[in-house]
Amino acid sequence: MSIKTKLSAIIFGSVSLILALNLTLNLYTTRNNLRTESVNNMKMTARQIAVAVEQSSYSSNYVQQQIAQNLHLAAVLASQELDPDYRNVSNEQLRNLAAKLGVSNISLLVKTDDDIIVAKSSDPKELGLSTKGWGYWYVAFLELFAGQRVSVKQGQTLDHFWSGPFEYSTSNPKFIEKWGYYYDSSTNYIIDPYIRSTTISDYVKIMNPDEIVQQSKDVNPGLLEITGINPRTFGSPTMKADGTDPSNEKLRNRPVKYGTYIFGNPDEDKSAVITAQARQEPVTLDTEALGKRVLKTFIPIQQPWADDYVISVVMDYAVISTVIRDELINNITTSLLLLILFLILSYVLAGVVTRPIQDILAKVNDVAKGIFEPPLHVKNRDELGQLAHRVNAMTSHLLQHTNRLNQTLEENRAVKEHLESVINGTSDAIHTVDMEGRITSTNKAFEKLYGWSADDALKKTPYLVPATVQKQEEARLRELKEGAVLPPVETIRLKRDGSIIEVSVSTSIIRDEEGKPKAFVHVSRDMTERNRIEELLRRSEKLTTVGQLAAGVAHEIRNPLTTLRGFLQLQREKQLLIPLHVDLMLSELDRINMIVSEFLILAKPQAVHFQLRDVRHILQDVISLLSSQSHLFGIEFEAQYSEAPATVHCEENQLKQVFINILKNAIEAMPEGGTIKVAQDIDDSSAVIVISDEGVGIPEDMLPKLGEPFLTNKETGTGLGLMVSQRIIEAHKGSLEIKSEYQQGTEVTIKLPSAAGTEAV
Ligand code: ADP
Ligand code: MG
């Protein structure tokens, strides 16, 4: 879902929620308002009815006044005709008198101890009637008997007279009766004439609240029922469910004063009536009657001249429901229209709001594709503006980095190409081998040296190491893996055609970031040519030396030979053998012999036979051999040996030869005698022998030439001693160094690799 959709959904959702809330609230308020309105309506109707009833009462009051005056007149006349004592008056007499006076009936009320009863009457049904329970009527009677003016507000009061309000006839409810009561204390009874008339009934009917009620109902179809309730008798035990009460039938005490009582519920209504009366304010019930939902309002009515009562108005709830439903439909329609409007509006709004986001998104997409230009146009400084700003900054950084990266990449490529060209251009064969032994890369020289093309080498993994050096190679690779750095090794390898080549192989290991071995790099150099040249060189060197020697030998030998020839010629001429000459000749021959034998050592070294020997013993032998001779020249030996055996791997006779040569030179250098020091010691890996004399020393210009054949400054010297010694020491992998100071002495240091740890025999 896009932000635009989300945003419009949020706006739309909020608006829907607000509308729904509004709708609910509206409905609630409407219902409440309608209810209040209905109740008010009912109250008003009730008041109107009350007023109408009151007004009709006023009208009827006038009629009643007239009738009351007539009754008063009739009573005054009757009092003049009748005996003051009721006991002397007969019912018959009353009947006649009534007819004469034009009233319906005449009764006489007498005061007893605790009641006022009808003692005599023209109407037999009235006889013996108790009035004690008649309310204000009874009060009026008591006041009349007391000679007071009647204070009861109902009915009409004249001098010694009171007339009650209209009342339905007890005998026939169709008739209306009007009663008058007269007492002027001239009699012991109240004279009670009364008129019963249908005429009055008709008149009253016009003024009847029922009529008003009906009219009100006609005007207001929501009104189901209006009932005038007499709170004094309503809900009495004798009252029936329809509101009628056989015990209270009179107008003044009927439970239902007027109107109908169809929608009633006596128990519920009674308590409502009591509450309304007590509080003097309307009580509304939301209830059910006859299977209908109804609103019932009980309105207390106060009348200045008559008893208070309560009007109950029943209203059909359907009226409210209909209005609410209409209202609801209206509201929903409006809300829906508003919603649609908002949906469109919110979509448009969301579009406006999200456009910058979409711009940013498009930019980011571009950047993802590697398009950095142009930057976003920042319109405002809100959060989106800031975001756009940051995106621009990010993009420009990215651009810079990308450029730098490209540049580096270019440089790297150039370096790589250069390296590749160097690798390919180099005459050394280079190939890399992974840890599984597969060849992973080769250069051009590799193909030339081994005969394998790059493709074939990678595909076929050729065997380059011959079986004979396999072990050596494995050992080398193992050492490399363990971290050793190895010098190049001169070995042999197999070419593609199966032939063997001499190579110098330098191998190194490549490791990954974690230091794990990844590959071996082998650099092979073809040594065939070099070895051949070296061999050639060696041979030519040897030939040169031999040539030199031969020349030297020829030269050296020619001198004694010339001497020998001279002597022999002399002897042939003289035919005589001179012993001195023979000695000289022998010495010359000895010299020749010596030169030749020394030369032989050089030219053809005897079959060498290396053995383990202790240098100390060899030195000791040589010193004892030479000491007797040296004594003649006044020369002493001072020897010093190491405590530990100085075992070396050597050819004993050759070493002896070396020591003899050196010591002889030392003796020859000290014609005046002196001391020759022989110091022998062992250092880390070699036996060291230092032979020093106090002789004539070696001139400086001669030092570099020492070791050259026939270099001598002695009359009888051969100039081969040092040379032979050096060769022997070299053959023992040792070293020989000569230090000398002219006229001071000479020091010769010989080092021989020790064979420590192995016992000498
Ligand atoms: P030779 O003893 O026959 O002369 P060497 O090869 O033994 O030949 O010695 C070469 C020369 O080196 C000697 O002639 C001598 O001049 C010089 N030389 C060698 N050893 C000594 C030494 N201990 N003191 C002085 N000179 C020496
Ligand atoms: Mg010598």
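The values are calculated or read from the model by the stated rules, or taken from the named source; none is laboratory data. It should be emphasised that the depicted structure is a prediction, and the values quoted were computed from it without experimental measurement. Glycine gets a Cβ as well: all are built from the backbone with ideal geometry, and neighbour counts include every protein chain shown. Note: areas computed on protein heavy atoms with side chains; ligands, DNA, RNA excluded. Shrake-Rupley method; radii C 1.70, N 1.55, O 1.52, S 1.80 Å.
Of everything listed in (1) surrounded by fewer than 16 Cβ atoms within 10 Å (Cβ to Cβ); (2) of a type in the set (S, T, N, Q); (3) within 15 Å of ligand 1 (Cβ to nearest atom), the single unmet condition for Asn653 is (3).
Among residues that are more than 10 Å from ligand 1 (Cβ to nearest atom) and in contact (Cβ under 8 Å) with a residue 40 or more places away in the chain, Ala755 is included. Any residue in segment 442-449 that is open to solvent by less than 100 Å² (accessible area, probe 1.4 Å), in contact with a helix residue (DSSP H, G or I) (Cβ under 8 Å, 6 or more places away or on another chain) and not assigned by TED's automatic domain parsing to the domain that holds Arg511? Looking for residues that are open to solvent by less than 100 Å² (accessible area, probe 1.4 Å), in contact with a helix residue (DSSP H, G or I) (Cβ under 8 Å, 6 or more places away or on another chain) and not assigned by TED's automatic domain parsing to the domain that holds Arg511, one finds none in segment 442-449, hence no. Per the listing Leu399, Leu387, Leu349, Leu376, the residue uniquely within 26 Å of Ser14 (Cβ to Cβ) and more than 28 Å from the chain's Cα centre (by Cα) is Leu349.
Of the residues that sit in segment 738-748 and are of a type in the set (Ser, Thr, Tyr) and within 16 Å of ligand 2 (Cβ to nearest atom), which one is nearest to the chain's Cα centre (by Cα)? By that ranking, first place goes to Ser740.
For segment 723-737, the set of residues classified as out of contact with any Gly (no Cβ under 7 Å at 6 or more places or on another chain) and more than 12 Å from ligand 2 (Cβ to nearest atom) consists of Arg727, Ile728, Ile729, Glu730, Ala731, His732, Lys733, Gly734, Ser735, Leu736, Glu737, listed by residue number. The residue pairs whose first member lies in segment 615-631 and is under 17 Å from Tyr641 (Cα atoms) and hydrophobic (A, V, I, L, M, F, W, C), whose second member is open to solvent by 10 Å² or more (accessible area, probe 1.4 Å) and part of a helix (DSSP H, G or I), and whose beta carbons are closer than 7 Å, counting only pairs six or more residues apart or on different chains, are Ile618/Glu652; Ile618/Lys656; Val622/Lys656; Val622/Ile660. Restricting Ile635, Ile676, Ile698, Ile689 to residues that are in contact with a helix residue (DSSP H, G or I) (Cβ under 9 Å, 6 or more places away or on another chain), assigned by TED's automatic domain parsing to the domain that holds Gly745, closer than 30 Å to Leu612 by Cα and within 14 Å of ligand 1 (Cβ to nearest atom) narrows the list to Ile676.
For first residues located in segment 494-520 and not assigned by TED's automatic domain parsing to the domain that holds Ala467, partners that are in a strand (DSSP E or B) and at pLDDT 90 or above and lie 6+ apart or on another chain with Cβ distances below 9 Å do not occur.
Hey, among Ala607, Ala646, which residue is open to solvent by less than 10 Å² (accessible area, probe 1.4 Å), more than 16 Å from ligand 1 (Cβ to nearest atom) and at pLDDT below 95? Step through it out loud before you land on a result.
Numbers: Ala607 fails: open to solvent by less than 10 Å² (accessible area, probe 1.4 Å).
Answer to the selection: Ala646.
Gln472 meets all of the listed conditions (1) open to solvent by 50 Å² or more (accessible area, probe 1.4 Å); (2) part of a strand (DSSP E or B) but one, namely (2).
All but one of (1) under 57 Å from the mean Cα position of the chain (by Cα); (2) touching a residue at least 12 places away in the same chain (Cβ under 8 Å); (3) open to solvent by 80 Å² or more (accessible area, probe 1.4 Å) hold for Glu436, so report the exception by its number. Condition not satisfied by Glu436: (2).
For segment 661-682, a residue qualifies if it is outside any helix (DSSP H, G or I), open to solvent by less than 20 Å² (accessible area, probe 1.4 Å) and within 16 Å of ligand 2 (Cβ to nearest atom), and the qualifying residues are Met670, Ile676. None of Ile200, Ile226 is over 60 Å from the mean Cα position of the chain (by Cα), modelled with pLDDT under 90 and either open to solvent by 70 Å² or more (accessible area, probe 1.4 Å) or over 17 Å from Gly155 (Cα atoms) (or both) except Ile226. The lone criterion from (1) closer than 23 Å to Leu34 by Cα; (2) open to solvent by 40 Å² or more (accessible area, probe 1.4 Å); (3) in contact with a Leu (Cβ under 7 Å, 6 or more places away or on another chain) left unmet by Met315 is number (2).
The residue of segment 299-312 that is least open to solvent (accessible area, probe 1.4 Å), among those that are more than 16 Å from Thr233 (Cβ to Cβ) and polar (S, T, N, Q), is Gln303.
Take the conditions in the same structural domain as Leu464 (by TED's automatic domain parsing) and either of a type in the set (Ser, Thr, Tyr) or touching an Asp or Glu at 6+ places or on another chain (Cβ under 7 Å) (or both) and apply them to Ser396. Does it pass? No. Would it be correct to say that Ile750 is within 9 Å of ligand 1 (Cβ to nearest atom), part of a strand (DSSP E or B), open to solvent by less than 50 Å² (accessible area, probe 1.4 Å) and among the aliphatic types (A, V, I, L, M)? Here the answer is no, as Ile750 does not meet what is asked. For Gln726, the conditions (1) part of a loop (DSSP other than H, G, I, E, B); (2) open to solvent by 50 Å² or more (accessible area, probe 1.4 Å); (3) within 12 Å of ligand 1 (Cβ to nearest atom) all hold with the exception of (1). Counting the residues of segment 335-376 that are surrounded by fewer than 13 Cβ atoms within 10 Å (Cβ to Cβ) and out of contact with any Ser or Thr (no Cβ under 8 Å at 6 or more places or on another chain) gives 14. The residue of segment 698-722 that is surrounded by the most Cβ atoms within 10 Å (Cβ to Cβ), among those that are outside any loop (DSSP other than H, G, I, E, B) and more than 10 Å from ligand 2 (Cβ to nearest atom), is Met702. Residues that are open to solvent by 70 Å² or more (accessible area, probe 1.4 Å) and out of contact with any strand residue (DSSP E or B) (no Cβ under 8 Å at 6 or more places or on another chain) within segment 488-515 comprise Arg496, Asp497, Glu513, Glu514, listed in sequence order.
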